1. Can you give me the accessible area per residue for segment 26-109, using a 1.4 Å probe, in Å²?
2. Going Cα to Cα from residue 42, which lysines come in below 24 Å? Please leave out same-chain ones fewer than 8 positions away.
3. Filter the trypsin sites (Lys or Arg not before Pro) in segment 68-101 to those in DSSP coil with at most 13 other Cβ atoms within 10 Å of their Cβ, and list the result.
4. Please state the relative contact order of segment 269-366 as a whole percent: Cα pairs under 8 Å, 6+ residues apart?
5. With all protein chains present, how much of the accessible area of the chain (probe radius 1.4 Å) comes from carbon and sulfur, to the nearest whole percent?
6. Relative contact order for segment 53-104: what percent, with Cα pairs under 8 Å and sequence separation of 6 or more?
7. Per residue of segment 354-369, what does 6.51 cos²θ - 1.76 cosθ + 1.60 with θ = phi - 60° give for ³J(HN,Hα)? Whole Hz please, x for Gly and Pro, Karplus curve as stated.
8. Quick one: 3J(HN,Hα) in Hz for segment 52-65, Karplus 6.51/-1.76/1.60 with θ = phi - 60°, rounded, Gly and Pro as x.
Amino acid sequence: MTSTKRIAVVGGGAAGMLAAGTALAMGASVTLFEHRDRTLLKLGITGKGRCNLTNNAPVPELIANVVHNPRFLYTAFSSFSAEDTMALFERLGVPLKTERGRRVFPVSDKASDIVRALRGYVSDADIRFEHVKGIQVENGRVTGVMGREFFPADAVILATGGCSYPVTGSDGSGFSLARAAGHTVTPLSPSLVPLTSPSPLCAAMQGLSLKNVGLTIVRRDGGKCLYEDFGEMMFTHFGLTGPMILSASAHLQGETLSQLDAVIDLKPALDEATLDARLLSDFAKNANRNFENALGGLLPAKMIEPMLSYVGIEKTKKVNLITREERHALLRALKAFKIPLSGFRPIEEAVVTSGGVSVKEIAPKTMMSKLCEGLFFAGEMIDVDAYTGGYNLQIAFSTGYLAGTAAADYINTLYEGDAHDL
């Protein structure tokens, strides 16, 4: 046989770019296909434009934060860890910092610095902005891809992303390529996605962010706790979003959300007795004021009227007329503010896609297909996803690195085979 000694990487996101750069560093000839007009469009908007590129955690904790098929990623995480990710970007000229929860960001707080670094990392690649319509396979082995015309390649790395944020290029088109190559794609659903609520209170508090609050997701019938967290969240016109809510959504796959409540502890640092004493003190100081004007020390201004509606107290009622029962109702609401849930926002709004190419059909030590020699997978296309906090980008970088390394080794083996035949 005659080897072309070329790798085609399909997808210009985080996983594809890392795969391309890794293969280039190993001396491979790489052509990267991206069907949008730029690479790394999704990466440029992650972390509210700050780019939480990894989580500075050891391999066992990275695995513990993967929701689906965590053990599949052991070799990938071990081959390219969070430390390796941080070292790479520091080497590419991007100073990094670690924040609460070991989330890692560029010091500049600009995702554009990460984008610029990765684009520089693949500057020696042939980048083609064209749509790949198919993968050519002969006798169980990849021979190339079909873009505007046939492009011969000995190895193909599919890294086209999932179905979230389709305007950035993650439109699910890569799953059709995988299916055509004989692969199973498990059911796709949103993960790390906002949650909807029928409650008008959410719209009334639209845009309000809560920090340092407690959250539990419970079944309305019986009160069983399905998820518990502490941190930040936000109200929207449709319901709830923010880091805690996105993480909760990953735990709620398969649940009927219309049977669940989000319960917010607005004062998690205070037990009920301490909080009640605080209420009595505040009430004494504001005895002759309207109740709506006495809660500024306890609640954000935008939450006062919705809270009074929630507990059923007239906002113009004088504080010195508040009954013991009304005070206790407010106390309970501050410790357990319930928002009924109804569903997930669409997959297009999810941070990541749950589901993808079955890990049973991918070799975990190389990311190569078990069904088609020379076909590799990386990133969100694979049926793995994790909680928020930098873990999903680490999956992209680790699987991209492993796919790029293995693909380069694979074509070198083919080339050595040719040399032995001469």
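1. 47
2. Residue 42 reaches 97, 110, 133.
3. In loop regions of segment 68-101 (DSSP not H, G, I, E or B), there are no sparsely surrounded trypsin sites (Lys or Arg not before Pro).
4. 27
5. Details: 9040 of 17850 Å².
Result for the chain: 51 percent of the exposed heavy-atom area is carbon or sulfur.
6. RCO, segment 53-104: 50 percent.
7. 8, x, x, 5, 4, 5, 5, 9, 10, 6, x, 8, 9, 6, 8, 4
8. Values, residue by residue: 7, 7, 6, 10, 6, 10, x, 3, x, 6, 4, 5, 5, 9 Hz.
The values are calculated or read from the model by the stated rules, or taken from the named source; none is laboratory data. Every value quoted in this text rests on a predicted model; they were computed, and no experiment measured them. Neighbour counts are summed over all protein chains in view; Cβ atoms, including those assigned to glycine, are modelled from backbone coordinates with ideal geometry. Keep in mind that these areas ignore ligands, DNA and RNA; they rest on the heavy atoms of the full protein, side chains included. Shrake-Rupley method; radii C 1.70, N 1.55, O 1.52, S 1.80 Å.
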